[in-house]
Amino acid sequence: MSAAPFDPHRPVAHLRPPRNWINDPNGLVHHDGQYHVCYQYNPDGTDHANMHWGHFRSPDLLSWEPLPIALAPAPGGEDADGCFSGNAVSDGDRIVAFYSAYRSDRWSQPVTTAESHDGGQTFRPRGDLLIPQPPDGCTMYRDPYVWRDGARWRMLVGAALTDGRGAALLYESPDLETWTYRGPFCAGEPEPVGGTGLLTGEGWECPQYLPAASGRGALIISAWDDRDGPQCVAALVGAERGAVFEAGPPVLLDHGPDCYAPALLRAPGGRWLLWGWSWEARDAAWAAAGGWAGVLTLPREISLSDDGSLRQQPAAELPALRGERTVHAAGWIHGPEPVELGGVGRAFDLTARLEPAGQAGLRLLTTADGSEYLDIRVDPAAGELVVDRARASLDPRARGGAYRMPCPGGEPVDLRVVVDHSIAEIFLSTTGQVLTLRCYPTGDGPWRLQARSAPGARLGYTIDAWELLPIVIKEPSADAADPEGQFA
């Protein structure tokens, strides 16, 4: 595989092919000892068009092997204009992919399938539709999600209903082939997600279901509007009553602006993993000039706590990507003079315990003169953790803004921060919440970390930061042809 030219904004520890557009993670499945991660992929450019399924697999979430394109549109077929989003399941010796068959001459994206009997090296499309027609009363229909529930299989399909509600529609099957429609699993009119001002949307894309004990679970939806497109990712926690999911109020799954369409993978040992799509927060022409757009988040472990809250953390395997420890600092800061903590690279993994009295936190400086920086600060009075990228790029083509997630006051704050060139994932370990955003520093000198506090405030801190090593992308195997040239 030829080495790509150095790009200061291209992540090294996050999955994506060397070039072109990607969006939603698809086909996440553990099969025959391997994790499979597919994704929406345009082999021809950096725009959302000509959707294929790109494909990686890994034995350990650390080293990844590119496999041939899993799904490609069939000229004149049911998916002639794109193999859109869906998921996959492991069933004996086969992987079965369920996906949305897109044609520009119909409004719905009905469900079809493809099968692999060689560990994901090749997939054979069924050729026709598995579920040819959506139920009556739909104005949007796409994105199947299938999972095994005891002796039966269940499927959710994202929908918008004519009465104005978004919905996840439920089907059941004994054999993955014959499906019976059971009605809306959950549906609701657009409603506020917490106090964010965001709504659950007119349509629910990419529904995912995280089951827990005693019939409880969490329905994850990507909120979508016909006029404004993607809005946010919300989670509805509740319990099943027959074929209906009775949900509590929606909460944000990710508090940042740059995570959408997450997908679940049921891993061995009862663990659930989640990947999301992090889109570009920069001018499209800038991304096109670099030859790539979009990246998948780090794999996260997600669980439903006894108190009904969702908790996320980086997958347990990821500390193996830590290299040299570049920062080890502890102390107190009083007042406005910052404390220099040390240098960090363009990709690092950081843990922090912060004990703030007043507004205080960390600043990542990416230019020598300190004019460009990303702030992560705690506001105990407001009960918030604030991640502010207003000055994170001196290039006007990059988006700014400050984003918040709830943070309990009056107790230490434990953080895990992973910054990988142009993506930052901030995990509030105290509560299991996460915030994802993109930023595009222009400085070409060393980056450094500071502790800071507002006038009259103080901060106790314990900080460790390690160099973040690249994931290993293996050469495509000899029997895995690369007809699209994505790894040439």
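Given H placed on each backbone N at 1.01 Å, which residues far from Ala13 in sequence or on other chains put an amide H within less than 5 Å of it?
Long-range HN contacts for Ala13: Ile471.
Go through region 70-81 residue by residue and turn each phi into a ³J(HN,Hα) via Karplus (6.51, -1.76, 1.60, θ = phi - 60°); whole Hz please, and just put x for glycine and proline.
6, 10, 9, x, 9, x, x, x, 5, 10, 4, 10
For region 302-424, just say rounded, prolate or oblate: build the C-alpha gyration tensor, square-root its eigenvalues into a ≥ b ≥ c, call rounded for a/c under 1.5, and beyond that prolate if a/b exceeds b/c, oblate if not.
Rounded, because the longest to shortest axis ratio a/c is under 1.5.
Order the peptides 103-109, 446-452 from the highest to the lowest mean number of other Cβ atoms within 10 Å of their residues.
Ranking, from highest mean packing down: 446-452, 103-109.
I'd like the Karplus ³J(HN,Hα) series for region 142-152: coefficients 6.51, -1.76, 1.60, θ = phi - 60°, whole numbers in Hz, and an x wherever there's a Gly or Pro.
5, 6, x, 9, 10, 8, 8, 10, x, 8, 10
List, in order, the whole-Hz ³J(HN,Hα) value for each residue of region 468-474 obtained from phi through the Karplus relation with A = 6.51, B = -1.76, C = 1.60 and θ = phi - 60°; use x for Gly and Pro.
Result, ordered by residue: 9, 7, x, 5, 8, 9, 6 Hz.
For region 90-178, what is the charge dipole size about the Cα centre, in debye to the nearest 20, if Lys and Arg each add +1 at the Cβ and Asp and Glu each add -1 at the Cβ?
So the magnitude is around 200 debye.
Based on the Cβ-Cβ distance from Asp91 to Ala454, what FRET efficiency comes out when R0 is 51 Å, to the nearest 0.05?
Efficiency computed from Cβ-Cβ geometry: 0.35.
Could you sort the peptides 319-326, 421-428 by per-residue average Cβ neighbour count (10 Å cutoff), highest mean leading?
421-428, 319-326
If I take R0 = 51 Å and measure r between the Cβ atoms of Thr162 and Asp118 in this structure, what FRET efficiency does the formula 1/(1 + (r/R0)^6) give, to the nearest 0.05?
Calculated value: 0.75.
Have a look at Tyr99, Gly77, Leu236 and report the one farthest towards the positive end of the charge dipole of region 20-316, computed about the Cα centre with Cβ charges (Lys/Arg +1, Asp/Glu -1).
The Cα lying farthest towards the positive end belongs to Leu236.
Distance in nm between label sites at Asp444 and Ala402, each 7 Å beyond Cα in the beta-carbon direction?
Label at Asp444, label at Ala402, 3.3 nm between them.
Provide the gained length on full extension for the span Glu467 to Trp286, in nm with one decimal, where the gain is 0.36 nm per separating residue minus the Cα-Cα distance.
Length gained between Glu467 and Trp286: 62.4 nm.
Provide the packing ranking of 384-391, 411-418, 282-289, i.e. peptides ordered by the mean count of other C-beta atoms within 10 Å per residue, highest first.
384-391, 411-418, 282-289
Rank Thr196, Leu161, His30 by how far each Cα sits towards the positive end of the charge dipole of the chain (+1 on Lys, Arg Cβ; -1 on Asp, Glu Cβ) and give me just the farthest.
Thr196
Compute the length gained on full extension between Asp175 and Glu355: take 0.36 nm times their separation in residues and subtract their Cα-Cα distance, giving the result in nm to one decimal.
Extra length from Asp175 to Glu355 when fully extended: 59.4 nm.
Hey, got the dipole for the chain? About the Cα centre, +1 on K and R Cβ, -1 on D and E Cβ, debye to the nearest 20?
Around 700 debye, computed over the chain.
Taking a spot 7 Å from the Cα of Asp149 along the direction of its beta carbon, which residues of region 179-204 have an amide N less than 19 Å from it?
179-188, 204
Putting +1 on Lys and Arg Cβ atoms and -1 on Asp and Glu Cβ atoms, find which of Thr431, Ala402, Trp447 reaches farthest to the positive end of the dipole of region 320-468.
Toward the positive end, the furthest listed residue is Ala402.
Per-residue ellipticity at 222 nm for the chain, helices alone: DSSP H runs ≥ 4 residues times -39500 (n - 2.57), over residue total, nearest 500 deg cm²/dmol?
-500 deg cm²/dmol
Compute, for region 320-468, the length of the dipole vector about the Cα centre, with Cβ point charges of +1 (Lys, Arg) and -1 (Asp, Glu) only. Units Debye, rounded to 20.
Approximately 220 debye in magnitude.
If Lys and Arg each add +1 and Asp and Glu each add -1, what is the summed charge of the other residues whose beta carbon sits under 12 Å from the beta carbon of Ser214?
-1
Treat each spin label as a single point 7 Å out from the Cα along the C-beta direction, and report the Asp44 to Ala243 distance in nm.
The modelled label-to-label distance comes out at 4.1 nm.
Take the Cβ-Cβ distance between Ala80 and His334 as r, set R0 to 45 Å, and report the resulting FRET efficiency rounded to the nearest 0.05.
0.10
With an 8 Å Cα cut-off and a minimum separation of 6 or more residues, compute the relative contact order for region 20-316 in percent.
Answer for region 20-316 is 13 percent.
Can you give the extra length, in nm with one decimal, that the chain gains between Ala213 and Ser104 once fully stretched, where that is 0.36 nm per residue apart less the Cα-Cα distance?
35.1 nm
Since every read-out is calculated from the coordinates, none of them should be taken as a lab result. Because the structure is a prediction, the values reported are computed rather than measured. No Cβ is skipped: glycine too gets one built from the backbone with ideal geometry, and neighbour counts run over all protein chains shown.
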